Amino acid sequence: MTRQTGGQLLVAALLAQGVTEVFGIPGVQLDAAVDALHERQDVVHFTCVRNEQAATYMADGYARSSGRVGVAMVVPGPGVLNALAGLATAYATGSPVLLIAGQIRSDQIGQGFGVLHELPDQTGVLERVTGWTGTARRAADIPTLVVEAFRRLRSDRPRPVAIEVPPDVLAEVVEDVAVPARVVRTRTAPPADQVAEAARLLLAAERPLLYVGGGIRASDAEAELVALAEALEAPVLVSENGRGAIDARHRLALDSLALRTLRKDADLVLAVGSRFVSTFGTRVDTGDAPVVLVNSEPEHLGGIREPRLALRGDARATLAALVAEVTAPGLPQRPSREDELAAARAWVAGRLTEIAPQWEYLTALREVLPADAVLVSEYTQIGYAASLCLPTYGPRGYLGPGYQGTLGYGFATALGAQTADPDRAVVSVNGDGGFSWTLQELSTAKRYGLAVVTIVFRDGYFGNVRRIQRDSYDGRVFASDLTNPDYPALAAAFGIRAVTVRDPAGLASAVADALASREPVLVEVPVGEFPSPWHLIHEGLPTPAPLAPGADRVAPSR
């Protein structure tokens, strides 16, 4: 007979699902699980972070950059609460993240005794930011819960999930409990008649547009997307979460900003794997063009979107079915739209001159990044622009916070992406405001040799907050200025090399050197105020007045 603790069963069940990396912090309620991880450290690696926020952020970065499930493990109560921001970001971006959450002793749950790390209705808290949460009441429950978690994570609707494991359950010894086999990814296509109708609409359209979101990444549907676009000679417009769904160098690839000019002549929009609403919850303006929606989430298929046709299904399966329909023998070849797309690119380029300083930095950065690099874009002035226009050449090459807009998520998320592939170039773009959330994870970067190039643009403010305050409240600003550390000295304190640069050329040189070194490097960039990008990101906002000459070039003193 095989005798195992609940902790050993947990690790065995994770290994059966292909897990090789866990991010977290040990704690007393997790002792039996941590001991089991120690026992199997030859096949599963544990990255010990410095704050539970970083555990779920890193799991998210690991998952979205690799396509594998990211696993985090934290103690109950304050540990779970610290981890919620990462779960919320994973929920917003459809990221397959599993949180192993400690609990108090199983016979004390819900009793209100005030025991260590007790949280009123911790299960309910987790249910608000996950697609599913399960609680193990016996050690024998653990393998079944792990299988259910991975069934959901590998379904058409990837969302973060959580499993609560009380300490007595982890310590319980059981005999002959089987560990189920690996869960296989499932893909569901819409009914054949709906696919046929969508194909008919696409073939009847003379100037169709494809608009894609993060569902392409979640479904690994990049090849099917390109095949459909080429068959229809249809431009592909990428949302922030859709960046990398098609190589930005492809003749049909465009940024979502191009919708504002292409919709004038478009006669159909096929939106795949996108919520297809604005950040303010309003309908995306497609002009007179009707919309066909493809999404695995039923709540993203109706309402204010008012589609002509809505297809519920996995992006890859649905696109593959559409490709088969629109490439049937005997169909005429579509005429080139090269002139139309060239005009759209010129129009977009003209609009980007309105954020020229940010675009100059991003252009310099793109020139030195390998084609398969991962850029993690923080909520900062350069990051806002990156979400709009950074050319992304490969799948899973751009990570943003999605609609959650999680300030401070970026640096730790980049560490997770680097953990997923130590040989891949990973760059983290931060502002001095957001970087402060997880800068202690410089320790994690150093300890595990995570060669992330961390860029910190330093202007001394919560820049967006300060702009809104100044422009909306008669110039009054409050609590939006920062007292920053000496970043090179901070990096040195962790044993990390740092460099300060002051212009795009200097940034390009510093990043190229850092990438070549294959070690963690911090690049500080003192900057002044940048022009607002919000009218380009959010349609309907007024175009701001230009900054005074030279204002965007002034770097503040420390």
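Residue pairs whose Cβ atoms lie under 8 Å apart, separated by 6 or more positions or on different chains, with the first residue in segment 491-519 and in the same structural domain as Ala451 (by TED's automatic domain parsing) and the second outside any loop (DSSP other than H, G, I, E, B) and hydroxyl-bearing (Ser, Thr, Tyr), are Phe494/Ser443; Arg497/Ser517; Ala498/Tyr487; Thr500/Tyr487; Val501/Ser509; Pro504/Tyr361; Pro504/Thr363; Leu507/Tyr361. A count restricted to segment 1-41 and to residues that are closer than 21 Å to Asp60 by Cβ and of a type in the set (Ser, Thr, Tyr) stands at 1.
Quick one: is Tyr403 of a type in the set (Ser, Thr, Tyr) and either under 30 Å from Leu203 (Cα atoms) or surrounded by 21 or more Cβ atoms within 10 Å (Cβ to Cβ) (or both)? Here the answer is no, as Tyr403 does not meet what is asked. Scanning segment 76-127 for residues that are under 25 Å from Ser155 (Cβ atoms), more than 19 Å from the chain's Cα centre (by Cα) and not in a helix (DSSP H, G or I) yields a total of 2. Listed by first and then second residue, the pairs linking a residue in segment 383-401 that is among the aliphatic types (A, V, I, L, M) to a residue that is part of a loop (DSSP other than H, G, I, E, B), with Cβ atoms under 6 Å apart and 6 or more places separating them unless they lie on different chains, are Ala385/Pro533.
Residues that are hydroxyl-bearing (Ser, Thr, Tyr) and either crowded, with 24+ Cβ neighbours inside 10 Å or assigned by TED's automatic domain parsing to the domain that holds Glu297 (or both) within segment 40-99 comprise Thr56, Tyr57, Tyr62, Ser65, Thr89, Thr93, Ser95, listed in sequence order. Kindly indicate whether any position in segment 195-216 is under 21 Å from Ser65 (Cβ atoms) and basic (Lys, Arg). No: zero hits.
Selection of segment 228-254 for residues being charged (D, E, K, R) and either in a loop (DSSP other than H, G, I, E, B) or buried (at least 24 other Cβ atoms within 10 Å of the Cβ) (or both) yields Glu233, Glu240, Arg243, Asp247, Arg249, Arg251.
Results for (1) surrounded by fewer than 24 Cβ atoms within 10 Å (Cβ to Cβ); (2) part of a helix (DSSP H, G or I); (3) not assigned by TED's automatic domain parsing to the domain that holds Leu311, shown as yes or no for each residue.
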| site | (1), (2), (3) |
| --- | --- |
| Arg217 | no, yes, no |
| Val226 | yes, yes, no |
| Thr261 | yes, yes, no |
| Lys264 | yes, no, no |
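Across segment 168-216, the number of residues qualifying as of a type in the set (Asp, Glu) and within 30 Å of Val269 (Cβ to Cβ) comes to 3.
Residues checked against (1) within 19 Å of Leu482 (Cα to Cα); (2) assigned to a helix (DSSP H, G or I):
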{"site": "Pro422", "(1), (2)": "no, no"}
{"site": "Val427", "(1), (2)": "no, no"}
{"site": "Trp437", "(1), (2)": "yes, no"}
{"site": "Gln440", "(1), (2)": "yes, yes"}
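The values are calculated or read from the model by the stated rules, or taken from the named source; none is laboratory data. Here the structure is a predicted model, which means the values were calculated and not measured. Here Cβ is always computed from backbone atoms with ideal geometry, including for glycine, and neighbour counts include all displayed protein chains.
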